Every structure is written in C-alpha cells, then in structure tokens.
Amino acid sequence: MKNLLLKTAIAVVMGLFFCSITNAQNNTFKFEPSVSTVTGTITLETFYGPPGFGENPKTDSRESYYILTLSSPIKVIADKNDDSNVTSTNILHLQLINDSTTKFADYKNKRVRLTGTFFSAITGHHHTKVLMDVTKIQQVQ
C-alpha cells in the first residue's frame with residue numbers, strides 16, 4: 001500500500017512539473033522570421049510623437065496605434081546572431097503593425113487571436129518593447 005501511495009505521489013508531482021514546463025514553453029516565442037500566434041484584447045492608444053516623443057508635450061504631435069494586451073505575459077527570444085532583436089521577458093503589450101488589408105478598427109476592444117512575426121522596437125514610433133507584424137486576425141470568445 002505504501003508503495004502504491006509513493007508511486008501515485010511521484011506521478012502527481014511529475015505531472016505538475018511537466019505541465020508547468022509546457023505552460024512556460026507555450027508563453028515563449030522567437031523573433032522573426034518565426035511565425036507566432038497569441039491571444040489578447042486590441043485597444044487604440046495615443047502616444048507622443050515628433051519632434052520630442054514626449055520630451056515636450058506641448059509641442060509634440062500625437063500618434064495613435066493599436067495595442068494588443070496579452071492574456072498572459074510572454075517571452076520573445078532573439079537568436080545569438082540577431083543584431084536587430086533583443087530577448088524580452090514579461091511582455092504584456094504589443095504594438096501592432098500590419099499591411100493595409102488588416103483592419104484593426106473592426107476588432108477594437110475585442111478579444112482576438114493574432115498570427116504574425118515579432119520584432120524589437122527600433123524607432124521613436126515604436127511604443128512597446130516588442131511589436132507584432134500581423135498577418136492573420138480572428139475574433140475569439
């Protein structure tokens with residue numbers, strides 16, 4: 001009987017361990033050219049733009065961008081030889097970029113599943129550490 005209890009306890013602990021590994025892996029992605037799919041809610045947010053990008057709020061222009069607030073934080077990993085992207089952790093917000101055929105306005109304040117590629121912010125017009133170039137969008141419940 002003790003053997004059975006011990007085996008059951010070990011099986012439960014191992015199951016929990018492997019579930020936590022799987023969940024961690026599900027929240028870890030790679031930068032472009034890898035294609036990724038994430039879920040969250042799209043909102044429209046306004047940021048300071050040129051000339052000072054917030055240094056001079058009275059004179060800086062305003063720029064509005066669609067942002068995906070993720071359901072849970074993600075980690076995006078850069079390859080060793082990637083000079084353009086930087087590994088980023090605990091990412092909850094992604095600025096969305098798209099071709100002109102994807103209409104984010106149709107999904108504003110809605111829960112969606114997005115497919116596309118990740119890249120790191122490189123200009124003053126990028127307002128999150130990681131951005132997503134979206135190729136597919138689906139509304140989810």
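Note on region 29-139: Lys pairs 8 or more places apart or on different chains, Cα atoms under 27 Å apart, count 20. Annotation: extensible slack from Gln138 through Val86 equals 15.9 nm (criterion: 0.36 nm per residue apart, minus Cα-Cα distance).
For Val86, the shell of other residues with beta-carbons less than 15 Å away shows a net charge of 0, using +1 for Lys and Arg and -1 for Asp and Glu. Normalised size of region 29-139, defined as Cα radius of gyration per 2.2 N^0.38 Å with N residues, equals 1.08.
The simple spin-label model puts a point 7 Å past each Cα toward its Cβ; for Asn56 and Thr43 those points are separated by 3.0 nm. Taking trypsin sites (Lys or Arg not before Pro) across region 60-141, the ones in a DSSP loop with at most 15 further Cβ atoms lying within 10 angstrom of their Cβ are Lys80, Lys103, Lys110.
Computed from the coordinates by the stated procedures, all read-outs in this text should not be read as laboratory data. Here the structure is a predicted model, which is why all the values come from computation and not from measurement. Every residue, glycine among them, receives a Cβ derived from its backbone with ideal geometry; neighbour counts consider all protein chains shown.
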